[in-house]
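So the structure is just underneath, and the comments pick up after that.
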Amino acid sequence: MAELEIVRIPALSDNYIWLVHDPESAETMVVDPAQAEPVFEAADARGWPITAIWNTHWHPDHTGGNAGIKARTGCEIIAPAAERERIPTADRLVKEGDEVRLGAHVARVMEVPAHTAGHIAYHFAADGVVFVGDTLFAMGCGRLFEGTAGQMFANMQRLAALPPETRVYCAHEYTQSNGRFALVAEPDNEAIRARMAEVDRMRAAGEATVPTTIAAELDTNVFMRARDAVQLAERRAGKDAFRG
């Protein structure tokens, strides 16, 4: 089975859209298209016909390109069943344990509510890849807009249990601000300090800092490292108010 080809597409101010291509089937899907035009540019440049959109949650900066891409390509839109009313462009609704395919590559749906009530992730176990939307970030986690710290703690524990080499594709370039808070939350964590030196270098050079890996997050993500839901809630509130 050919390896998935995954392309990072910057959008809006700090979003990343992921374009995912299976060379064997020639199928191409888009994860969380904030906008349509950058997706068309990236796909057309590679000669990849878009066959599907996979949404992780309903927020407009993840679904804003749905209608435009579907109108031009006729692609299928897959979205979380719990958010069907908020993603009217969806063709197929999926929930925990469902399988979705890109050619021969199989992803299992994981329900990871908290940022939104119906948020999902897509885990390609055989490929060592997970698309997490706004649940897990490099050194961070999503804000608790529609869920609880208990839910997010459970999400962090569940993602932490994935193989450490799993590549994590999140939807925003938040690593530098997350890392600055992490240095405050765990000031004696040398792994965070070392990672931040590299992140600062990368951002100064205009480079992206994602994807990340589960291994890197186990060492440096203060939300994944929280001992319980209470500590995660404290850290999330601290990050929400952080201006460093």
| remark: Selection over segment 222-238 where residues are in a loop (DSSP other than H, G, I, E, B) and in contact (Cβ under 8 Å) with a residue 24 or more places away in the chain yields a count of 6
| request: Count, please, the residues in segment 66-112 that happen to be assigned to a loop (DSSP other than H, G, I, E, B) and under 26 Å from L159 (Cβ atoms). | output: 9
| query | If we keep just the residues of segment 99-109 that are surrounded by fewer than 20 Cβ atoms within 10 Å (Cβ to Cβ) and of a type in the set (A, V, I, L, M), which is nearest to F124 (Cα to Cα)? | reply | V106
| query | Out of segment 161-187, which residues are among the hydrophobic types (A, V, I, L, M, F, W, C) and touching a Ser or Thr at 6+ places or on another chain (Cβ under 8 Å)? | reply | V168, C170, A171, A182
| field | Test: D44 is out of contact with any strand residue (DSSP E or B) (no Cβ under 9 Å at 6 or more places or on another chain) and acidic (D, E) | value | yes
| message | One residue is enough: does segment 55-64 have a residue meeting the conditions open to solvent by less than 10 Å² (accessible area, probe 1.4 Å), small (G, A, S) and not in a helix (DSSP H, G or I)? | response | no
| request: Check P10, P33 and return the single one that is open to solvent by 50 Å² or more (accessible area, probe 1.4 Å) and within 15 Å of the chain's Cα centre (by Cα). | output: P10
| field | Which listed residue is surrounded by fewer than 19 Cβ atoms within 10 Å (Cβ to Cβ), under 17 Å from the mean Cα position of the chain (by Cα) and farther than 22 Å from I9 by Cβ, from E85, E96, E24 | value | E96
| query | Across segment 124-157, which residue is farthest from R84 (Cα to Cα) among those that are open to solvent by less than 10 Å² (accessible area, probe 1.4 Å) and among the aliphatic types (A, V, I, L, M)? | reply | M139
| request: Kindly check whether there is at least one residue in segment 116-123 that is open to solvent by 20 Å² or more (accessible area, probe 1.4 Å), touching a helix residue (DSSP H, G or I) at 6+ places or on another chain (Cβ under 7 Å), aliphatic (A, V, I, L, M) and over 23 Å from A81 (Cα atoms). | output: no
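The values are calculated or read from the model by the stated rules, or taken from the named source; none is laboratory data. Treat the numbers as computed from the prediction; the structure is a model and nothing was measured. All Cβ positions, glycine included, derive from the backbone under ideal geometry; neighbour counts span all protein chains shown. SASA here: full protein model, heavy atoms, side chains in, ligands and nucleic acids out. Shrake-Rupley method; radii C 1.70, N 1.55, O 1.52, S 1.80 Å.
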